[in-house]
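Working notes for the structure below.
Just so you know, all these numbers are worked out from the coordinates, no wet-lab data involved. Worth saying up front: this structure is predicted, and the values here are computed from it rather than measured. Methodologically, a virtual Cβ is constructed for each residue, glycine included, from the backbone with ideal geometry; neighbour enumeration extends over all protein chains shown.
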Amino acid sequence: MQRIGVFVCHCGTNIAGTVDVAAVSEALKNEPGVVYSTNYQYMCSQAGQDIIKNAIAEHGLTGIVVCSCSPRMHEATFRKTAAAAGLNSYMVEIANIREQCSWVHKDMKTGTEKAIILGKAAVAKVNLNAPLTPGESPVTKRALVIGGGIAGIQTALDIADAGFPVDIVETKPTIGGKMAQLDKTFPTLDCAACILTPKMVDVAQNDKIRIFSYSEVTDVKGFVGNFDVTIKRRARYVKEDVCTGCGACTEKCPQKKIPNEFNLGMDNRRAIYIPFAQAVPKVATIDLDHCNMLKNGKCGVCAKVCAAGAIDYNAKDEYIEEKYGAIVAATGFNPISMDKFDEFAYSQSKDVITSLEFERLTNAAGPTGGKLLRPSDGEHPRTIVFVQCVGSRCDSCAQKGKEYCSKICCMYTAKHAMLTRDKYPDTDVYVFYIDVRTPGKNFDEFYRRAVEEYGVHYIKGMVGKVSPEGGKLMVQASDLIDNKQLRIEADLVVLAAAIEPDRSARPLATMLTASMDTNDFFTEAHPKLRPVESPTAGVFLSGTCQGPKDIPETVAQAGAAASKVIGLLAKDKLMGNPCVAHSDENMCNGCSTCENVCPYGAITYEEKEFRMPDRTTRIRRVARVNEAVCQGCGCCTVACMSGAMNLKGFKNEQILAEVDAICR
Amino acid sequence: MSISKEPYRPLIVAFCCNWCSYAGADLAGNNRLAYPADVKIIRVPCSCRVNPTFILRAFQRGADGVILCGCHPGDCHYTSGNYYTRRRMALLFSMLDYLGIERERTRVEWVSAAEGAKFAATMNDFCETVASLGENKRLEDLRCKK
């Protein structure tokens, strides 16, 4: 018989607000095996853990039930506590009375009743727990960074700096991400390219880093320390190791009218192209959809002009399989589509642009060579209206935009307004805002400079409608402070579009079994204490894939993610999962059903001698589980017809005991 | 004299796989998405760990509905577990049908770790369905009642 201690956590008022914790600990006192039951404000705190340790010593406890938050949060904490007090850490069970009880039920009575039942189920399970010892598994000392923007670049550089090999997988032909498209950065007005491109070169020159550009991750298997990843290298029809990046092909290609993605379609590129001058790797790529040679075999100009002989029209997509110890998601963001925002006439007028397009228009390497010109007629705009929060903080229009604040728009709009007034003092600049949010070092000073020094007109209020009228844009807006309607005749309207996670993030999260929130941002293991780790062990988060961020925050998080990866890769061995399958050879009839369903090939058969009651011996074929290979899914336990197979930690009897306790 | 009786609430057992649905349930909690307290979750490593006898046992002991949640097909943490679940449950459902147990009392749902909203919506819907069917009397073993 076990001697079980029950520890009910208040979690401040998180649990105690909806669950009568004293009643729970009282009710569980009478459960079979329970010799001690108490409750405390914060079980996970040092004082709370001491209560558990002392109770183990004082009452000779052999099993622990903690009624608290999700085991995904603190199971590891309480297992360590038990181990510190000399108890096997697998004698601990968690009853999840926060995420799955107090947080989802409003009523104290039903909440308390449910918490008691969940506690009873956990007690019933612990009664059947047995001590388990984990095996060890090796760590592959190589990291994978998915995404080659500033987040991925910084993470890779930091990991490589510690001496571990890193691979970057980027879907675009070059690394650099969104930051490569920016002109200047707030609040220092550094030129983005001047601070990013040296880092891109560092990546290219670092012998610990491999770049898989124009590639994507198509499959992830395995677990922390031992991921098996398949990377698809899309055919770029140019040999990466032969191309010198001279650009001769990109000048001669006859396909000239393809919208240039890097300049957001504001100018054209050829079918063979290098995204921008500082691209890394600086290698041309042929666009399969537009190349005449690849589509109908008529052309071949690029192969003729290529002195290096790098063009290969017969290239095929390649799949590489590689092992990694840790994976960092750095998939980044995109501005949302403006299709649903008809009121701003984005699709009707070329002179209504997004902020990222404005960024390209003012960039010296952009389509206008850095001159701020109207996309429609190439004239210098005299009046510019910036609209903030287009799709951000959109409570009422959730289908249209996003409920969250995109965080970076206030600052980049202040930057745009300031830069415009600085270069063209004759321009009138209006900014319509809901609130100006400038928390950050030197941010508010920056915004005030835009208003006070540069004379940008900040108007609190939203723009209701933009209508193109004879080459101008009529902006109708409300001024909430003066409480009046405004009509402004503008030459250019710039929309601060909300940002959303890149579309590749969700399929990636599925492959990684990493969790996401409702907005498709990756969820962190703990919002405050483990902000760069995903709840899935061995998966880390860097940059805007976790939430809206500016560049300094992204770089800080990238460094933090790298340090977590380094900590993992520095280990030689990881403790494995002791909850693996086990076959009772006395019951096994050697039918091979379990072997057939096992996804890991962890089950083998051996001939074993058994002594029979009549003192003869008989040789029988029985299943044996390789505990180092078994991952503990338990599929074999259900497949086994003789009931010989069981899963440690989730034994048939334990689950049935939980069922019984719940249904009692 | 009137006899006050508490309104009938169904008893629902939910088996959730550790990697997707249990995390989905946690996410529903994090986002404070309410669903009835009738649902009691049992954590299993994978939906394929759930032996059909566990479900029958729940009905025998008086559960009114049983729901099994796992990763979406193709997304199983153990690569293929939920495919086995799907086939096993298809067999169990036809057996329950044969026994005369309403088809709606058992359900298999795929809920990913990101689908907190789907988890809550599924539980709300399932509770309502089971509540409208009323108590499970056919399979409940009254000898198990204390």
- Work out how much length A:LYS106 to A:GLN399 would gain on full extension: take 0.36 nm times their residue separation and subtract the Cα-Cα distance, in nm to one decimal. 102.7 nm
- Item | Whole-Å distance, taken between Cα centres, linking the range A:423-493 and the range A:1-42 | 57
- Given R₀ = 60 Å, FRET efficiency for A:ARG382-A:ASN206 by Cβ-Cβ distance, to 0.05? 0.80
- ³J(HN,Hα), Karplus 6.51/-1.76/1.60, whole Hz, each residue of the range A:571-581, x for Gly, Pro: 7, 8, 9, 10, 6, x, 9, x, 7, 10, 6
- For B:GLU102 and A:ALA76, what does the FRET efficiency come to when R0 = 45 Å and r is the distance between their Cβ atoms, rounded to the nearest 0.05? 0.65
- Distance from the Cα centre of the range A:263-303 to that of the range A:557-587, in angstrom? 44
- For every other residue with a beta carbon closer than 15 angstrom to the beta carbon of A:GLN205, add +1 if it is Lys or Arg and -1 if Asp or Glu, then tell me the sum. +1
- Label-reachable residues, the range A:200-214, where backbone N falls under 18 Å from a point 7 Å from A:ASP312's Cα toward its Cβ: A:211-214
- Average beta carbon contacts from partner chains per residue of A:115-122, 10 Å cutoff: 2
- Item | Peptides A:652-659, B:131-138, B:16-23 ordered by average Cβ neighbours within 10 Å, highest first | B:16-23, A:652-659, B:131-138
- Query: Given a Förster radius of 22 Å and the C-beta distance between B:HIS72 and A:ARG503 as r, what FRET efficiency does 1/(1 + (r/R0)^6) yield to the nearest 0.05?
  - Reply: 0.80
- Burial ranking of peptide ranges A:491-502, B:50-61 (average Cβ count within 10 Å, highest at the top): A:491-502, B:50-61
- Residue span A:VAL629 to A:TYR319: 0.36 nm per residue of separation minus Cα-Cα distance leaves a gain in nm of 109.1 nm
- Of the DSSP beta bridges with both residues in the range A:145-219, give the percent that are antiparallel, rounding to the nearest 5. 25
- Note on the structure: Sequence order, the range A:187-201: Karplus ³J(HN,Hα) from phi using 6.51 cos²θ - 1.76 cosθ + 1.60, θ = phi - 60°, Hz rounded, Gly and Pro as x, gives x, 9, 6, 5, 7, 4, 4, 5, 9, 8, 4, x, 5, 5, 5
- Note on the structure: Within the under-12-Å Cβ sphere about A:VAL565, not counting A:VAL565, Lys/Arg +1 and Asp/Glu -1 give a net charge of +1
- How far is it, in nm, from the label point at A:LEU189 to the one at A:ASP342 when both lie 7 Å from their Cα along the line to the Cβ? 4.1
- Shielding by partners, peptide A:645-656 (average Cβ within 10 angstrom, other chains): 3
- By how many nm would the segment from A:LEU529 to A:LYS252 lengthen if fully extended, with 0.36 nm per residue of separation less the alpha-carbon distance? 94.2 nm
- Amide N proximity, the range A:303-319 versus A:THR218 label position 7 Å along Cα-to-Cβ, cut-off under 16 Å: A:315-319
- Packing-based ranking, highest mean first, of A:522-533, A:136-147 given that Cβ atoms within 10 Å are counted: A:136-147, A:522-533
- With a/c under 1.5 counting as rounded, go ahead and sort the range A:338-500 into rounded, prolate or oblate using the C-alpha gyration tensor (a ≥ b ≥ c being the square roots of the eigenvalues; past the cut-off, prolate if a/b is larger than b/c, else oblate). rounded
- Task: Scan around A:PHE223 for amide H atoms under 5 Å from its own, H built in the peptide plane at 1.01 Å from N, and keep only partners 5 or more places away or cross-chain.
- Result: A:ASP228
- Inter-part gap, Cα centre of the range B:65-135 to Cα centre of the range A:81-136, in whole angstrom, is 24
- When DSSP assigns beta bridges and you keep just the ones with both residues in the protein assembly as shown, what percent turn out antiparallel, to the nearest 5? 45
- Label 7 Å along Cα→Cβ of A:GLU653; the range A:561-603 residues with amide nitrogen under 20 Å? A:578-589
- Note on the structure: Once both label points are put 7 Å beyond Cα along the C-beta direction, the A:ARG664-A:ASN334 separation in nm becomes 5.4
- For the range A:562-642, which trypsin sites (Lys or Arg not before Pro) are in a loop by DSSP, counting at most 12 other Cβ atoms within 10 Å? A:ARG615
